[in-house]
1. What translational diffusion coefficient, in µm²/s and rounded to a whole number, does the Stokes-Einstein relation yield for region 8-77 at 20 °C and a viscosity of 1.002 mPa s, taking the hydrodynamic radius as the Kirkwood radius over Cα pairs?
2. What FRET efficiency would be calculated for the residue pair Ala61, Leu17, taking the C-beta separation as r and a Förster radius of 30 Å, to the nearest 0.05?
3. Net charge within 13 Å of Glu37 by Cβ-Cβ distance, Lys/Arg positive one each and Asp/Glu negative one each, not counting Glu37 itself?
4. Can you order the peptides 55-65, 15-25, 32-42 by their average number of other Cβ atoms within 10 Å per residue, highest first?
5. Given contacts defined as C-alpha pairs under 8 Å and at least six residues apart, what's the relative contact order of region 8-77, whole-number percent?
Amino acid sequence: MSDFELTETEKTLADKLFAYEDGELESEEEFVELFQELVDCGWAWTLQGHYGRIAMSLIEAGLVTVKSQEYVYKVIAGLVTVKS
């Protein structure tokens, strides 16, 4: 697999991102599920800042969960590699 190929899981998540960016998510539940997946795989912290800010807002609201705040800081700093 080259560095530019996505796994099937990553392709599915990318499709959800495109739907979000095109305003095509159908419910708040889909929105929260997308950001939970982004947090779980670490993409929330590596995509443009908008995604991280939204993820943090959802975490603070208790709608999205993380392993720990320390874990988030390590992912952002690149000290932990998240596998999707």
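Each reported figure results from applying straightforward, stated rules to the coordinates on display, with no laboratory input. What you are looking at is a predicted structure, and each value in this text was computed from that prediction instead of being measured. Virtual Cβ from ideal backbone geometry, glycine too; neighbours counted across all protein chains shown.
1. Numbers: Rh = 12.3 Å.
This corresponds to a translational diffusion coefficient of 175 µm²/s.
2. Working: r = 21 Å, r/R0 = 0.69.
Efficiency at R0 = 30 Å is approximately 0.90.
3. Numbers: positive: Lys11, Lys16; negative: Glu10, Asp15, Glu29, Glu30, Glu33, Asp40.
Summing Lys and Arg as +1 and Asp and Glu as -1 gives -4.
4. Numbers: 55-65: 14.5, 15-25: 12.4, 32-42: 19.2.
For the peptides 55-65, 15-25, 32-42, the packing ranking is 32-42, 55-65, 15-25.
5. Numbers: 38 pairs, mean separation 17.0, N = 70.
So the answer I get is 24 percent.
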